[in-house]
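Have a look at the structure below before the remarks.
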Amino acid sequence: MNTRGLQLLAIIFVMASPLTVAAQQSTASGSTEILTLDQAISLALHDNRQVQNAQLGVGKAQDQFAATRTFRLPKFEFNALAGQQLVSPDFTFTRGVLGNYANVGPIPDHDIKLSTPMRPTAILFGQVTQPLSQLHRIRLNIKQAALMIDVAHEEVRGQQQSVINKVKRTYYGIVQTESALESLRQALAFYRELDRVTGEYVVQQVALKADDLEVKTRLAKTETEELTASNQLSTLKEQLNQLMGRDITTQFTVSRVPEGSMIDTDLAAARTLALEQRPEIRQARLQVKQAELDKRVKKSEYIPDVSAAFTYASPRNFDTFVPKNFAAVGVAVNWEVFDWGRKKHQLAEKQKTIEQANNNLRDAESNVMIEVGARLRDLQQAGQALRVAKLKQETARENMRVSMNKYKLESALFSDVLQTQATLADADYQYQQALMAFWTAKAEYEKAIGADK
């Protein structure tokens, strides 16, 4: 074999060698952080701002629950009315209003008019009430507040599952793009060296100018593809950093994704699991309970409000004939005897809300079952596509080995070797795509069944 053929064959062999790929990966990683998928998920669950907002929602619901419980306790109220008298409060005691006695006569024996000067006055009013009949309604409201905590927890689970899904999809996208970028950089090194060698051969007139132009065209195309993949990788890494709640400029590289393995799952079992785990289903069930409790709360308004009450009033800056203190203990009753059918219509509204909640629950269950079926089928298809891509990759590698052996024996053209090498690179890329599609489909399936990890 001539020197030209040996040089070109050496280029192809070195660039296709797994050792070269591993060395490039080691050099590229250097001291940069290597981020695993589990680490990315853990950081996102802890620092993602949307998850933190959902967790704050749980705290708000707990605060509301604690506030609702205080309505069972006595209520202390203080009111004060202070102002300038605009009309003098006059009092008239008519003759004999206090009695008419035989030896004394009428008391008073003539009309007496008392006047208070128009000066600033005040009335202080304090009251302590302990709910009695309202305790039933308060207990129902406490149950409502407890359900809101459960709803908030399900919102946290839903947000966490959504973030986990986004992290997985973005992570797999980074893995795929890094793999494509590595292949493109290997191809770039190959075409640059090939361009150098071919240029020398053109000068030596042992290669055609058309061959040189073909190599330069492939080199320019690969450089464009490398720039596009590099920009896409930067964007994906910024998005993953944002999902993890850290500075978007943080540099890292991702670890390789393991080979895909099929999941042997029965569709009926998967749907049953999803109906138990999906946050949307749990929220819909809680909303049915909330609607039922809301109706009971409204129905409890038919019960009169009865409270034990202590009342104290103290007028200030009035004349001395006005008592300085009023105090009483007893029972306070508030009852709306006739409401023109308002409560009846409100109860009918609450019943319709219950029916709506039940309809929403059935719709949510149907949608989840459909989604689980679709995601499981997508996963099965992705697994089959991965199997086909793996076989194509193995076939391309074998063809590359055979082509190189033929070229050594001068029974194959160099253009055939180039084509075989391009086919192998394409098969490697398609395999990586199929692998990422499989893991993405698996992430979608896990989200569909409500898996928390």
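Residues in segment 362-419 that are touching a Phe, Trp or Tyr at 6+ places or on another chain (Cβ under 7 Å), farther than 17 Å from Glu259 by Cβ and modelled with pLDDT of 90 or more: Arg375, Leu376.
Taken over segment 425-452, the residue count meeting the criterion of being over 20 Å from Ala374 (Cα atoms) and either of a type outside the set (A, V, I, L, M, F, W, C) or assigned to a loop (DSSP other than H, G, I, E, B) (or both) is 7. Would it be correct to say that Leu135 is within 34 Å of the chain's Cα centre (by Cα), surrounded by fewer than 17 Cβ atoms within 10 Å (Cβ to Cβ) and more than 30 Å from Asn325 (Cβ to Cβ)? For Leu135, the condition - within 34 Å of the chain's Cα centre (by Cα), surrounded by fewer than 17 Cβ atoms within 10 Å (Cβ to Cβ) and more than 30 Å from Asn325 (Cβ to Cβ) - is not met.
Taking residues in segment 391-414 that are part of a loop (DSSP other than H, G, I, E, B) and of a type in the set (D, E, K, R), and partners anywhere that are surrounded by 13 or more Cβ atoms within 10 Å (Cβ to Cβ) and modelled with pLDDT under 70, the pairs with Cβ atoms closer than 9 Å and at least 6 places apart or on different chains are Glu410/Gly5. A single entry from Ala309, Ala357, Ala332, Ala313 fulfils the requirement of being surrounded by 12 or more Cβ atoms within 10 Å (Cβ to Cβ), among the small types (Gly, Ala, Ser) and more than 24 Å from Leu81 (Cα to Cα): Ala357. Scan segment 208-261 residue by residue and report those that are within 31 Å of the chain's Cα centre (by Cα) and small (Gly, Ala, Ser). Those that are within 31 Å of the chain's Cα centre (by Cα) and small (Gly, Ala, Ser): Ala229, Ser230, Ser234, Gly245, Ser255, Gly260, Ser261. Count of segment 361-389 residues, restricted to those that are under 22 Å from the mean Cα position of the chain (by Cα) and surrounded by 18 or more Cβ atoms within 10 Å (Cβ to Cβ), is 8.
Of the numbered criteria (1) farther than 23 Å from Glu444 by Cα; (2) of a type outside the set (Ser, Thr, Tyr); (3) part of a helix (DSSP H, G or I), the one Val128 fails is (3).
A quick yes/no check of all residues on (1) crowded, with 16+ Cβ neighbours inside 10 Å; (2) without any contact (Cβ under 8 Å) to a residue 40 or more places away in the chain; (3) within 30 Å of Glu33 (Cβ to Cβ); (4) basic (Lys, Arg):
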residue	(1), (2), (3), (4)
Val257	yes, no, yes, no
Asp266	no, yes, no, no
Arg278	yes, no, no, yes
Ile281	yes, no, no, no
Gln287	yes, no, no, no
Gln290	yes, no, no, no
Leu293	yes, no, no, no
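What are the residues in segment 316-329 that are surrounded by fewer than 12 Cβ atoms within 10 Å (Cβ to Cβ) and either closer than 30 Å to Gln346 by Cα or modelled with pLDDT under 90 (or both), if any? Passing the criteria: Thr320, Phe321, Pro323, Lys324, Asn325.
Being within 30 Å of Thr36 (Cβ to Cβ) and either part of a helix (DSSP H, G or I) or over 45 Å from the mean Cα position of the chain (by Cα) (or both) holds for only one residue in Gln176, Gln144, and it is Gln176.
In this structure, is Glu238 assigned to a helix (DSSP H, G or I), more than 30 Å from Gln55 (Cβ to Cβ) and of a type outside the set (Val, Ile, Thr)? Here the answer is no, as Glu238 does not meet what is asked.
Listed by first and then second residue, the pairs with beta-carbon distance under 6 Å, at least 6 apart or on different chains, first residue in segment 306-334 and touching a residue at least 60 places away in the same chain (Cβ under 8 Å) and of a type in the set (Asp, Glu), second surrounded by 15 or more Cβ atoms within 10 Å (Cβ to Cβ) and not in a strand (DSSP E or B), are Asp319/Thr116.
Scanning segment 253-286 for residues being modelled with pLDDT of 90 or more and touching a Ser or Thr at 6+ places or on another chain (Cβ under 6 Å) gives a total of 1.
All told, Lys216 falls short of being touching a helix residue (DSSP H, G or I) at 6+ places or on another chain (Cβ under 9 Å), part of a helix (DSSP H, G or I) and in contact (Cβ under 8 Å) with a residue 40 or more places away in the chain.
The values are calculated or read from the model by the stated rules, or taken from the named source; none is laboratory data. Since the model is a prediction, treat every value here as computed from it, not as a measurement. Positions of Cβ are backbone-derived with ideal geometry, glycine not excepted, and every protein chain shown enters the neighbour counts.
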